[in-house]
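Please read the structure below before turning to the comments.
The values are calculated or read from the model by the stated rules, or taken from the named source; none is laboratory data. Keep in mind it's a predicted model, so treat the numbers as computed, not measured. Note that we place each Cβ from the backbone using ideal geometry, even for glycine, and neighbour counts take in every protein chain shown. Keep in mind that these areas ignore ligands, DNA and RNA; they rest on the heavy atoms of the full protein, side chains included. Shrake-Rupley method; radii C 1.70, N 1.55, O 1.52, S 1.80 Å.
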Amino acid sequence: MAHYSIGELARRTGLTVKTIRFYSDRGIVPPADRSPAGYRRYGVDAVARLELVRTLRDLGLDLPTIQRVVDREVSLSEVAAAHAEALAVQIRTLRLRRAVLAAVARRGSSPEEMDLMHRLARLSEDERRRLVADFLDAAFDGLAAVPGFAGIMGSMTPELPDDPSPEQLEAWVELAELTQDPDFRAALRRTAQHHAGSQAPTPPRPDAAALARDHARPALAAGIDPASPQADPVVAAVAARYAHDRGLPDSPTLRRRLLAQLESANDPRRERYLELLAVINGWPAPESLTPALNWFTAALRTHRS
């Protein structure tokens, strides 16, 4: 049976003599016997063992685990499965770190903001769900029984996938930070209350923002100045429908109420939340309400009576 000296084994495998000696001393690649002069000699199976050891080391396995594999104390498939799972966790951790660093670099965040983003990024799935539920409960508390509100809450719930993209992770970090803004929570609560106050036990009707959007878009596309007389019929049409739906007369008081509701709905943070939600959930990007609502609120301030 052929035997190799440690030098011959090094030439056949491309490993250094020092490395082979280290593995030999650890018992991972033991010598078959020794020469009369006391030098180690290795069997032909040592080449295959060393190739396996090198591959497993390249994949990041530790030496005790490699020892168990080459000694057949554990199957290679079991080790591979466990290591793949460990690598998946490491990859997720690296992606989370990348998301935080990218957000910090883009926004020029302070150390305090970076710390918050880092903590939000590391939340478990259950912790993420509790964070979002707490945010939505604060905004919609007591309104779940109002027709349509359970669906609204569901449509505002982010569902980060098990294997999110870097963009989804960055969006989650920003959205989670946004949910912690008490002023945004209060603003969303006001919008929800306005919307709930406009509901009645009759077939659903467009809310104020949708009504203003639908009437403002053609005027905006036509280039009508919101302060011009041409904007007055648009404002009058929305105010009339808004008043009719609520069983009230059109009046300066009603228009002030309409303006307050639209200003609450036209919050850039709300629009940003919906943009981030679409990224996280893999939905199409939502159409921006801002241009139409900006036009209509400007027109309404001019034509209040």
Compute a Gaussian network model of the chain, connecting alpha carbons closer than 10 Å, and tell me which residue from Glu85, Glu125, Glu73 fluctuates the most.
Glu73
Student exercise, the stretch 1-111 dipole from Lys, Arg, Asp, Glu Cβ charges, in Debye to nearest 20
640 debye
Expressed as a whole number of Å, what is the distance separating the alpha-carbon centroids of the stretch 242-266 and the stretch 57-75?
72 Å
Of the candidates Ile66, Ser264, Ala239, the farthest towards the positive dipole end of the chain (Lys/Arg Cβ +1, Asp/Glu Cβ -1, centred on the Cα centre) is Ile66
Using a simple charge model, +1 on the beta-carbon of Lys and Arg, -1 on the beta-carbon of Asp and Glu, nothing else, what dipole does the stretch 56-95 show about its Cα centre, in debye to the nearest 20?
180 debye
Heavy-atom accessible area per residue - the chain, 1.4 Å, Å²:
55 Å²
Given the candidates Ser110, Thr55, Ala99, the one whose Cα lies deepest towards the positive end of the charge dipole of the stretch 14-112, counting +1 at each Lys or Arg C-beta and -1 at each Asp or Glu C-beta, is Ser110
Calculated FRET value between Arg97 and Arg217, using beta carbons and R₀ = 45 Å, to 0.05:
0.60
Which of (1) 58, 48, 38; (2) 112, 40, 33; (3) 54, 48, 43 is the computed Cα extents along the principal axes in Å? It is (2)
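Hey, any idea what % of the chain's accessible area is carbon plus sulfur with a 1.4 Å probe?
Working: 9290 of 16630 Å².
Roughly 56 percent, rounded to a whole number.
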Dipole-positive endmost among Ile280, His215, Ala187 within the stretch 183-305 (Cβ charges, Cα centre)
Ala187
Whole-Hz Karplus ³J(HN,Hα) for the stretch 29-34, in order, using 6.51 cos²θ - 1.76 cosθ + 1.60 and θ = phi - 60°, x for Gly and Pro?
10, x, x, 6, 6, 10
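With charges only on Cβ, +1 for K and R and -1 for D and E, what is the dipole size of the chain about its Cα centre, in debye, rounded to 20?
Numbers: 40 positive and 40 negative charges, 133 e Å.
Its charge dipole is roughly 640 debye.
Using only DSSP helix segments of four residues or longer, with each worth -39500 (n - 2.57), what per-residue ellipticity at 222 nm results for the chain after dividing by its residue count and rounding to 500?
Working: 15 runs with 204 residues, N = 305.
Roughly -21500 deg cm²/dmol at 222 nm, from the helical runs in the chain.
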If amide H atoms are modeled at 1.01 Å from N in the peptide plane, then the residues at a separation of 5 or more from Ala32, or on another chain, having amide H under 5 Å from its own are Arg41, Tyr42, Gly43
Summing Lys, Arg as +1 and Asp, Glu as -1, what charge do residues with Cβ under 14 Å from the Cβ of Arg106 carry, Arg106 excluded?
-2
Alpha-carbon centroids, the stretch 95-145 and the stretch 4-28: separation in whole Å:
52 Å
Taking the simple approach of a point 7 Å from Cα along Cα-to-Cβ for both Arg304 and Ala237, what is their distance in nm?
2.5 nm
Backbone HN-Hα couplings from phi across the stretch 151-166 [Karplus 6.51/-1.76/1.60, Hz, Gly and Pro as x]:
x, 4, 4, x, 6, 9, 9, x, 10, 5, x, 5, 10, x, 6, x
Stretch gain in nm, segment Asp183-Arg130, where the contour uses 0.36 nm per residue and the Cα spacing is subtracted:
17.1 nm
